[in-house]
């Protein structure tokens, strides 16, 4: 049995006439009759009742017609879905992202645009730290990830720069610092600083402390937090001040203010990272969108140098 025989059977069953079916599907009637006989022999049943004047579907034939139509319909869907996946118009795309960077701006805009342009692709989005995303990209847990400070000199990973985010100082809104338009980095020496554990983001931790050292500032670190949410909570409680990602302004806790810091030459690169050579049509479509939409793709960031969130 093959698909050709099923197609022939459906044509004869719909017309209940070999001659008309022969004309419609453009095959000689004797050849069509032989194919139906071969199909019946393989099934071991008569699909048609042979009458003195023509043919009529048998009970077994009506059952096989229902299944035959479903087979052809499923085959059509399989072909169209396979072709859509091959064009990147269907399938699944798994993306990781840094939560604070996705509250507003480039990441949500690109995701919404991709959903609009490729509605057939199922997007699976996961909030993950930078280190977790790197591991997931390498082992195939996600197809690509929006992360901060991607590792250098890793040929297994391809990096598309997206944007840079600035460092701001989080202070209590009723403090004297909150009335300032900006603060010089050297003034941090006089304030207790809430920092974060280096293991949470070694690259950013080292860059931040190197920037403070280069500015001649010795800070008084009073607490090392697990993430920026904890850091902001401790600022709210009056434990000190904290240097945080500028994206926090989209969800700043009540009672806090964010102030620009002058003279702190520290930066955070937001990038889309995927496994080099990873072949997935839906990913290729997404990368095309990123290359067209992200201002940082294809060129080095400008002079402004922001920082990586502590929980990245």
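Just so it is clear, none of the values below were taken in a lab; they were calculated from the coordinates. Since the structure is predicted, the reported quantities are computational estimates derived from the model, not experimental observations. Neighbour counts run over all protein chains shown; Cβ positions are idealised from the backbone, glycine included.
Quick rundown of the values:
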{"quantity": "42, 207 arranged by Cβ crowding within 10 Å, fewest neighbours leading", "calculated": "42, 207"}
{"quantity": "Extension reserve of the residue 104-residue 70 stretch, reckoned as 0.36 nm per residue once the Cα distance is removed", "calculated": "7.6 nm"}
{"quantity": "Per residue, the convex hull volume that the Cα atoms of the range 34-74 enclose (Å³)", "calculated": "78 Å³"}
{"quantity": "Burial order of peptide ranges 73-82, 14-23 (average beta-carbon count within 10 Å, highest first)", "calculated": "14-23, 73-82"}
{"quantity": "Protection proxy ranking, peptides 171-179, 190-198, average beta carbon neighbours within 10 Å, highest first", "calculated": "190-198, 171-179"}
{"quantity": "Distance (nanometres) between label positions extended 7 Å along Cα→Cβ at residue 220 and residue 153", "calculated": "3.9 nm"}
{"quantity": "Along principal axes, Cα extents of the range 3-86, largest first, whole Å", "calculated": "51, 26, 19"}
{"quantity": "Degrees between helix 59-86 axis and first principal axis of the chain (Cα, 0 to 90, nearest 10)", "calculated": "30 degrees"}
{"quantity": "Calculated FRET value between residue 60 and residue 279, using beta carbons and R₀ = 35 Å, to 0.05", "calculated": "0.15"}
{"quantity": "In degrees, nearest ten, helix 29-43 long axis to first principal axis of the chain (Cα)", "calculated": "70 degrees"}
{"quantity": "Virtual spin-label span in nm between residue 79 and residue 178, 7 Å along Cα→Cβ", "calculated": "6.8 nm"}
{"quantity": "Segment residue 252-residue 46, extension gain: residue separation times 0.36 nm, minus the distance between their alpha carbons", "calculated": "66.6 nm"}
{"quantity": "Computed helical MRE - 222 nm, the chain, DSSP H runs ≥ 4 contributing -39500 (n - 2.57), nearest 500", "calculated": "-12500 deg cm²/dmol"}
{"quantity": "Cα-projected label distance for residue 122 with residue 206, points at 7 Å along beta-carbon direction, nm", "calculated": "4.1 nm"}
{"quantity": "Distance from the range 42-75 to the range 180-207 (C-alpha centre basis), Å", "calculated": "78 Å"}
{"quantity": "Top of 127, 117, 33 by mean-square fluctuation, Gaussian network on the chain, Cα under 10 Å", "calculated": "33"}
{"quantity": "Kirkwood-type radius of the range 167-266, with distances r between different C-alpha atoms, in Å", "calculated": "13.4 Å"}
